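Take a look at the structure below.
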Amino acid sequence: MSPTASTQVVERGLQDIVAVESHITFIDGQGGRLLYEGYDIRDLAEQSTFEEVAYLLWYGRLPTATQLDDLRQRLVGLRPLPEPLARLIDSLPTDSNPMDVLRTAVSALAMLERAETQPGPSSIGGALRLTAALPSMIGRFQRRRVGLAPLKERPDLNNAENLLYQITGREGSEAENRALDVALILHADHELNASTFAARVTASTLSDLYSAVTSAIGTLKGPLHGGANERAVELLAEIGEVSRVEEVVTAKLARHERVMGFGHRVYKVEDPRATILRAWLHRVGESAGNLHSYELLERMKEVVHREKGLYPNVDLYSGSVYALLGVPKDLFTPIFAASRVAGWAAHVLEEYQDLRLIRPSALYVGPTDLRYVPIAERGS
Ligand code: CMC
């Protein structure tokens, strides 16, 4: 049979293909629900912390107080970067894309810490190390590119507080720290998204966690995955005033352009993460006396829903929250990585437990009967 006569169906983008069994995350796109290990994201965002969620994703159950305390202490102890890695980050061009810096730093750390790079259950050590070290990598690069000395370690700060401190050089208010903690909880996992799939494909070859996370960072970097929140903030800047939302958004839609932060492949109602972050944007904006982006987004939500029937997704609000916290725009996706690393690691650990090489097929549509022409006969 000729390859092109095959009856195989190509599912472009692997849409609706179920590739693995997983107990980590459940998304109910019609009901607008998101569960981690069976727990509703709304309860986790209300009552837990990022560290507790990371434990839940890695061990499949909520920690006891002692287990959580132990995890926190281990994460704090794993924050400092080895000297050669700190020097490497300092040697990179200061105008590098911070996602490239992260990808390079994770890859380098693997070589510097060989003990943690064996595939298998011991990869939990790497999960802890990377979750603790990503904020240090982001902070190191951020300080360097603005010409400031690295910050001293602050073991008293939790993961979110430390991340904000590393980026901005200041301690956040209670509302700011909690807003970031909630954002990290909401981004920690999202089933088989592109970067998680990339991580699982890498792990399925029996490669190590660091390689899987390096693949995932490269995948998250793409604007169709990690970058929509940046674009949403850019659009707000372009709009400027609430009175201009209607005009700018309808003109964009008339040109068949996408409004970033709206619509979702899986959610057919509002993304529950968007609902939670909208409330946090209001809370942080109110305490900062700046509800401008909240008001712009409220108007935008009405106009886009009226015109296209689309609902907001998490990216509509995350960038505006980070911007209010003083985070530079190009660190929005690195913050996403600093959270999603927990989910990537959970999926890699799950992959190792029931490993099967992920290797789909392609429907060949090229020629099959070409005659090889020696190079001397091919002309110039
Ligand atoms: N703005 C304008 N029109 C849109 C948008 C949007 N944001 N999203 C979908 N549409 C329209 C699209 O043009 C199409 O219209 P028509 O049928 O008239 O051609 C229709 O809705 C269906 O679009 P689709 O691309 O087939 O739908 P999808 O389910 O594959 O799209 C999406 C999902 C996220 C790619 C898309 O909604 C989009 O591009 N949104 C903007 C980017 C964005 O916000 N991305 C972040 C997603 S959430 C991240 C996460 O879960 O981690």
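Table for the structure above
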quantity: Yes/no for Ser136 being within 22 Å of the chain's Cα centre (by Cα), more than 30 Å from Leu357 (Cα to Cα) and in a loop (DSSP other than H, G, I, E, B); calculated: no
quantity: Search result, residues across segment 20-59 that are of a type in the set (Asp, Glu) and surrounded by 15 or more Cβ atoms within 10 Å (Cβ to Cβ); calculated: Glu37, Glu51, Glu52
quantity: Positions within segment 283-294 being surrounded by 18 or more Cβ atoms within 10 Å (Cβ to Cβ) and not hydroxyl-bearing (Ser, Thr, Tyr), in sequence order; calculated: Val284, Gly285
quantity: Qualifying residue in segment 256-275 (condition: more than 10 Å from the ligand (Cβ to nearest atom), surrounded by fewer than 17 Cβ atoms within 10 Å (Cβ to Cβ) and over 26 Å from the mean Cα position of the chain (by Cα)); calculated: no
quantity: Of residues in segment 53-91 being more than 23 Å from the chain's Cα centre (by Cα) and assigned to a loop (DSSP other than H, G, I, E, B), the one farthest from Thr131 (Cα to Cα); calculated: Thr64
quantity: Residue in segment 137-146 that is out of contact with any Ser or Thr (no Cβ under 8 Å at 6 or more places or on another chain), without any contact (Cβ under 8 Å) to a residue 60 or more places away in the chain, surrounded by fewer than 21 Cβ atoms within 10 Å (Cβ to Cβ) and farther than 13 Å from Ala212 by Cα present; calculated: yes
quantity: Any chance Asp189 is within 16 Å of the ligand (Cβ to nearest atom) and closer than 14 Å to Ala338 by Cβ; calculated: yes
quantity: Residue ranges of helices (runs of 4 or more DSSP H) in segment 165-267 with at least 1 members more than 28 Å from Glu21 (Cβ to Cβ), assigned by TED's automatic domain parsing to the domain that holds Gly319 and touching a helix residue (DSSP H, G or I) at 6+ places or on another chain (Cβ under 7 Å); calculated: 228-239, 245-254
quantity: Odd one out for Val18 among (1) part of a helix (DSSP H, G or I); (2) under 30 Å from Pro360 (Cβ atoms); (3) among the aliphatic types (A, V, I, L, M); calculated: (1)
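The values are calculated or read from the model by the stated rules, or taken from the named source; none is laboratory data. Since we're looking at a predicted model, the values are computed, not measured. Cβ: placed from backbone, ideal geometry, glycine included. Neighbour counts: every protein chain shown.
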